[in-house]
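Structure first, then comments.
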Amino acid sequence: MSAVQETTSPVVHEEPNTHDLHQGYVEMYHHGLVHVKSTALLCAVGLGIPGAIHRRGGAATLPHIATDTGVHPAKRSYLRRLMRVLTFSGVFNSHQPDEGNETLYTLTNVSRILVSDDTAASTPPCDVSAMLRLLARPSTSISTFFSLEEWFRDAGTATLFETALGVPTWGLTKNDASYNRALNDACFADSSFSMGIVLKDAKSANIFRGLGSLVDVGGGHGAAAMAIAKAFPHVKCSVLDLDQVISKAPDLDGTVKFIAGDMFEFIPPADAVFLKYVLDCWDDDHCVKILRQCKRAIPARDDGGKVIIMNVVVGYGAQDNIVKETHVLFDMYMMRYSGAEREEHEWKKIFLEAGFSDYRITPILGFQSIIEVFP
Ligand SMILES: C[S@@+](CC[C@H](N)C(=O)[O-])C[C@H]1O[C@@H](n2cnc3c(N)ncnc32)[C@H](O)[C@@H]1O
């Protein structure tokens, strides 16, 4: 089932009435200004506003936030306007005070997972702000879309990322230490958060039960593999990733074995290959090549072999507008590398082409899924 809303009504050429013109005019402004939302959020994370509210016991006034985040006194009046946009966007809540008192700002579901806090707070905060920083990173995310029109007109085969920045993304992780760090930190933060939830849920945790070994391919700095090894100590976990990633990986107390290599060349043998947020970076042909290497690495289905993919399956998960819009936005974000967020029939096509016989989808985390793929 497609999650994309498509209208089937016939095209009628009617003169728009005044109400329609008003509506169109407002919506045009709204679309044109939407970038202010994500850049305002990026600024709030950079200033550390979620952490400042958290450290004030979960509710802070504007002067508290300004003091705690180092906003220059000359800029304090502007901070109210930033907080107003972010309150409208659902990032913070504002509580109107009694006469004479200041407005109090509190955290919402979004800002609660963006709390960076290196102080000893009573409840350990969740911090996926490194992923937010990557998604809205000016030089390697936002600016690449400035080349979208040029890329659409161009006959060449370069990806949007290459058109904008002159190198493929995994080339840039090799040449640009700050991008390499931003990507690895984002993946580490995201995996620590998301695998905590996946492994706490009995149904999704079961997917990893009974395995003797697992290799996390494109596993970055090992946060997912470490979470699996801690939840299932008898599973021997290793991580395969490119040399520029593995050479900067933390030690993780030896819980996880790190292997530098190229997944297109060789994947070390294991009961299961785990691919979290990897296949959506690639087009179908590359996915088939990766999955064929995975199939060589695992035993037959009867002997417990499987590939475990964590990615979006468009049309699965909660079916509210936020999820549907996130799926299509994420798809276009991955289009920068020639990757894609796939519907079930698109996944099935690449599984069959890579020689697999069966699969099972388990929706997780509101908008992601786990797909077990069996040889
Ligand atoms: C989007 S990141 C996902 C990281 C991690 N699995 C996660 O979910 O946090 C994709 C990963 O694939 C790795 N990668 C890209 N090309 C690779 C290759 N040819 N062989 C092995 N890993 C590769 C990248 O270095 C990066 O760590």
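No lab work stands behind these numbers, since they all come straight from the coordinates. This one's a predicted model, so the numbers in the text were calculated from it and none came from an experiment. Note: ideal-geometry Cβ built from the backbone for every residue, glycine included; neighbour counts use all protein chains shown.
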Based on other C-beta atoms within 10 Å, arrange TRP282, TRP170, TRP347 from fewest to most.
TRP170, TRP282, TRP347
Under Karplus coefficients 6.51, -1.76 and 1.60, residue-wise ³J(HN,Hα) of region 298-308 in Hz, glycine/proline x:
10, x, 5, 4, 5, 9, x, x, 6, 9, 10
Rounded to the nearest 5, what % of the DSSP beta bridges within region 186-374 are antiparallel ones?
40 percent
Positive-end residue, the chain charge dipole about Cα centroid, Cβ charges, pick of GLY48, THR163, PHE146
GLY48
Going by the alpha-carbon gyration tensor, a ≥ b ≥ c the square roots of its eigenvalues, is region 186-374 rounded (a/c under 1.5) or, if a/c is not under 1.5, prolate (a/b greater than b/c) versus oblate?
rounded
Would you mind working out the magnitude of the charge dipole of region 300-375 relative to its Cα centre, with +1 at each Lys and Arg C-beta and -1 at each Asp and Glu C-beta, to the nearest 20 Debye?
80 debye
Positive dipole terminus of region 186-374, leading residue within VAL313, PHE264, GLY222 (C-beta point charges)
GLY222
Calculated [θ] (222 nm, deg cm²/dmol) that DSSP helices of n ≥ 4 give over the chain, each run adding -39,500 (n - 2.57)
-13500 deg cm²/dmol
Under the rule rounded for a/c under 1.5, else prolate if a/b exceeds b/c, else oblate, using alpha carbon gyration tensor axes a ≥ b ≥ c, region 19-112 is classed as prolate
antiparallel share of DSSP beta bridges within the chain, to nearest 5, in %, is 50 percent
State to the nearest 20 debye the size of the charge dipole of region 19-112 about its Cα centre, where the only charges are +1 on K and R beta carbons and -1 on D and E beta carbons.
360 debye
In which sequence would LYS203, LYS324, LYS37 go, from the one with the fewest C-beta neighbours within 10 Å to the one with the most?
LYS203, LYS37, LYS324
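In debye, nearest 20, what is the charge dipole magnitude of region 154-262 about its Cα centre with +1 on Lys and Arg Cβ and -1 on Asp and Glu Cβ, if you could check?
In debye, rounded to 20, region 154-262 gives about 540.
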Radius ratio Rg over Rh of the chain, counting only Cα atoms, Kirkwood formula for Rh
1.00
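Fewest first, what order do ASP68, ASP216, ASP243 take by the number of other Cβ atoms within 10 Å?
Fewest-to-most Cβ neighbours within 10 Å comes out as ASP243, ASP68, ASP216.
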Highest-MSF residue in the chain out of PHE330, PHE88, PHE232 [GNM, Cα springs under 10 Å]
PHE88
Cut-off under 5 Å, modelled amide H: who pairs with VAL239 long-range
ASP216, LYS257, PHE258, ILE259
Hey, can you grab everything whose amide H is under 5 Å from the amide H of GLU343? Only 5+ residues off in sequence or another chain; H modelled, so Pro and N-termini drop out.
VAL314
Among HIS72, PHE88, GLN23 - extreme Cα towards positive end, dipole of region 19-112, charges at beta-carbon:
HIS72
